[in-house]
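The values are calculated or read from the model by the stated rules, or taken from the named source; none is laboratory data. Note that this is a predicted model, so its numbers are computed, not measured. Cβ placement follows ideal geometry from the backbone for every residue including glycine, while neighbour counts extend to all protein chains displayed. SASA here: full protein model, heavy atoms, side chains in, ligands and nucleic acids out. Shrake-Rupley method; radii C 1.70, N 1.55, O 1.52, S 1.80 Å.
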Amino acid sequence: MSDALRGIRVIEYVDRCATLAGRILADLGAEVIMVEPPGGQTLRHEAPFLDDVPGVERGFGHLYFNINKSSVVLELADAAGRTQMERLVASADVLLTSRRLPAPLDYEHLRALQPGLIQCSVTPFGLDTPWRDRLANDLVAGAAGGLIQVSGSPQGTPIQGGADPSYTMTGLAAASAITMALQQRDFGDNRGVGVHIDLSMQEATALAVMQTASPGQWQWHQRIPRRPGLSAAMACKDGKYVSLLVRPDRFDSFLGWAEAVGIDHGMTQEDWHYARLDSPREGNPVSETTLKLAAALTRDEFVDGALGADIICLPVLDFPDLEQAEQYRVNDQFLHLVHPELAVELGLVRSPVDAMADGVDFDRAPLLGEHQHLLEGLPMLPEPQPQPDRAQHPERALAGLRVVDFGWVLAAPIGTRILASFGAEVIRVESATKPDSMRSQIGPDGKPDADMGGLYNVVNAGKKSLAIDLGTAAGMALIKELIATADIVVNNFRPGAMERMGLGYEVLKGIKPDIILLNLPGAHRAGPWASRPSMGNILMAASGFNMLTGFPDERPRGIGIAYPDFTSPHLLVSTLMAALRQRDRHGRGQELHLTQLSGVLSLLGAAWMAYKASGEQPPRNANRNPNFAPHGVYPARAETEPAIDAWLALAVQGEDQWQAFCRVIRQPGLVDDPRFASHSERKANEDALDAIVAAWSAQQDKWLAADLLQAAGVAAAPVEHLKDMLEVDPQLHRHYQQLRQPVADVDIPVDTEAARWVGQHHQMVRAPMMGEHNQYVVQEILGRSDEEFVQLLADGVLN
């Protein structure tokens, strides 16, 4: 593991929804101690298991998510166990919880023992909301957060992503929030003061839908995005699949490629607008031509042709394909980890945060209670001391940090948006002559607008804009001066682009020896895909994710968002916060190489372990889960305003919930039906069970049905679409804020951050207009005179 968080102790009392956060902190060097009940945390009891043999050490979820952690067993129902927990927390920096702690172990009591305590409470729907007592697993959170609505076949059932994307987004958000809170506590205005973080699975998921379902689409245009969102998969001549994105600036190359293959496309260069992301799919000649190309070529021929035309394309790969792909072999993507007690060598993927310069090593997941000795040397409990009211404010968490942001489109800009939201000064470096494609998003009037575009304003909230021509010597000199004042430089260009610009790490550290440069390329620094253009949904397809998702008889299209564009930002934040701690300790900066493709593949690690142990590709999930039955997305009564199909997500676990479910649907006799007499029987007869559930749900209003099920103790939620999220959901109104640009008297809806500092309102700040902060940067930061600033404008250096 890295030494970046060395000296930080994390106490983890969680179930599946937060285990990834602890794993990331452990990989970054924190001491993460799992507090488990005598039977072990719930994750240890969840299938799939090694060799299909249940056991607390054999679950692949446990074997992956608990790498690099320690385990102690405490019975918190006993006074002695609670006292031990108090002593543990008093010795710690962070308490990560997703399970309810018994009295008196609330935050205020624990903070009185440890004033610097950072507690991150992960819950399905937030600590203080109308749904605060409701249940959710990954499926239900994905439904309530809007992700499932945009995923799947246009005419088919909405789908849950493979490898639990809502849990993933929640764990990533928790890790990034904790690392920012540590930065605030140890280097901020109120040093030594902790904070309580409230993190909702629903909101963490909703943030990942900001592109496909940007809130302005409904508020301004009354449009609800529908399936399949941004996902795509095309069947090739050999029965394999590819994922492709034709951008308007590659339209000529696309036409030339189609003509070379002999496809009669009927288009001219004037039809470039059909390649816009917001163009309708139905009747679109670009989509039709792409399908013809796929039908005419094998997968490998298609990929070679697309890449030869510099069109964004990668193959849709399953796990056996991944092992054969040169891209992964060249970059040592796959590793092994020996587990002596199980007498097995486990397949492993690189860490999600392997960008750290000192690397990340691995220790196997701990045996239950393996580290009880950690309880022996704990200091006696201090006398609780009432703490003065020195509140930490979220918008000040990273105050004093300056970030020079070369990020384009989504992945890096969303990461730097998080930094800006929590107080870093983020200066976007952009150009009016070659603007970021986010500057061409449509505004309230339905036309592309550089400053009013809905998605641009969501992605770049809180930043400053420096519009500059880096092709001029004066422009490059100004940028280098700006970097000399900064802490961090971020880009998501292809490998080598910063060097070609004259801003590679060797140059930057000559300007500022302790600078931290984070590169966020699509596909590694080496290998056949390294220099190719990429987008998040294409990387998702090539990571193996799509082949874990959906129904076997449908195209493996993945989910309806550019998934790596939303996982990478939190990894960016966590690694940068870790690198800042290393800089403080060693006085040195570093270059970080955080790869989007490697990052999203690493998050499939439990499924990869299962594949390597069995030699069999894990099946596509078909909305099912081995630990729940019934578990899925079921039809509800269709809506008329707007006219749209309606769906209900539900997850039933254990006998008590099964009996409660049968009562809710008014079929108590199902409890005695031999087909459904136990969990294993329900799984064996799941097709019949799903038919019964669907017949009931199709007559129900999705909101009322979810209310009934939750009241009975069963996890359920309506599959929410964009209008639901903005106008109907009783608590997501807190997730959106209305901002305004000076150029128009129109509200711009913007997603807030998922992590909340308890007791504090987090006010978002609008995105910058193009070049809005030129004068601030050039004169206030760099000290140029009025005359010099005007001359830079006249010379076209600033634009």
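For this structure, a couple of remarks:
- Backbone amide hydrogens, once placed in the peptide plane, bring GLY146 within less than 5 Å of GLU720, excluding anything fewer than 5 places away on its chain.
- Convex hull projection area averaged over all views, the stretch 548-600, Cα basis, nm²: 4.4 nm²
- Each pair of Cα atoms in the stretch 652-735 enters the Kirkwood radius, and Stokes-Einstein at 4 °C and 1.567 mPa s then converts it into a translational diffusion coefficient of 92 µm²/s.
- CYS120 long-range amide H proximity, modeled H, under 5 Å: LEU95, LEU96, THR97, ILE197
- In Hz, Karplus ³J(HN,Hα) per residue of the stretch 71-78 (6.51, -1.76, 1.60; θ = phi - 60°; x = Gly, Pro): 10, 10, 10, 9, 9, 6, 6, 9
- Efficiency of FRET from Cβ geometry, LYS480 and ARG500, R₀ 22 Å, rounded to 0.05: 0.90
- Taking N as its residue count, the alpha carbon Rg of the stretch 664-799 over 2.2 N^0.38 Å: 1.96
- Calculated diffusion of the stretch 1-62, Stokes-Einstein form, Kirkwood radius summed over Cα pairs, 20 °C and 1.002 mPa s, µm²/s: 172 µm²/s
- Sulfur and carbon atoms: percent of accessible area, the chain [1.4 Å]: 50 percent
- Here the 3J(HN,Hα) profile of the stretch 741-750, calculated from phi with Karplus coefficients 6.51, -1.76 and 1.60 at θ = phi - 60°, is 8, x, 7, 8, 9, 9, 6, 10, x, 9 Hz, Gly and Pro shown as x.
- Of the complete DSSP H runs in the chain, none spans 18 angstrom or more by Cα along the long axis with a mean Kyte-Doolittle score not below 1.6.
- Dimensions (Å) - the stretch 1-109, Cα atoms, principal axes, largest first: 44, 35, 19
- Multiplying the residue separation of THR268 and PHE551 by 0.36 nm and removing their Cα-Cα distance gives an extension gain of 98.2 nm.
- Against the empirical curve 2.2 N^0.38 Å, the C-alpha radius of gyration of the stretch 135-207 lands at a ratio of 1.43.
- The C-alpha radius of gyration of the stretch 699-745, expressed as a fraction of 2.2 N^0.38 Å, stands at 1.62.
- Rounded FRET efficiency, nearest 0.05, which uses the C-beta distance separating GLU639 from ALA794 and R0 of 51 Å: 0.35
- Per-selection Rg to Rh, the stretch 177-268 - Cα, Kirkwood hydrodynamic radius: 1.24
- Panel note: the C-alpha atoms of the stretch 249-317, placed on their principal axes, show extents of 29, 24, 21 Å (largest first).
- Between the beta carbons of ASN284 and GLU108, assuming R0 = 45 Å, the FRET efficiency works out to 0.20 to the nearest 0.05.
- Between PHE493 and LEU520, the built amide H atoms are under 5 Å apart, and every one of these is 5 or more places off in sequence or on another chain.
- Annotation: the antiparallel percentage among DSSP beta bridges lying fully within the chain is about 45.
- Remark: the ARG734-ARG191 segment gains 192.6 nm on full extension, using 0.36 nm per residue and subtracting the alpha carbon distance.
- Net length available on complete extension from GLN617 to GLN155 is 163.6 nm, with 0.36 nm assigned per residue and the Cα-Cα distance removed.
- Debye log10 I(q)/I(0) at q = 0.05 Å⁻¹ for the chain, Cα point scatterers: -0.25
- Extending 7 Å from the Cα toward the beta-carbon at both ASP304 and ALA698 defines two label points whose distance is 4.9 nm.
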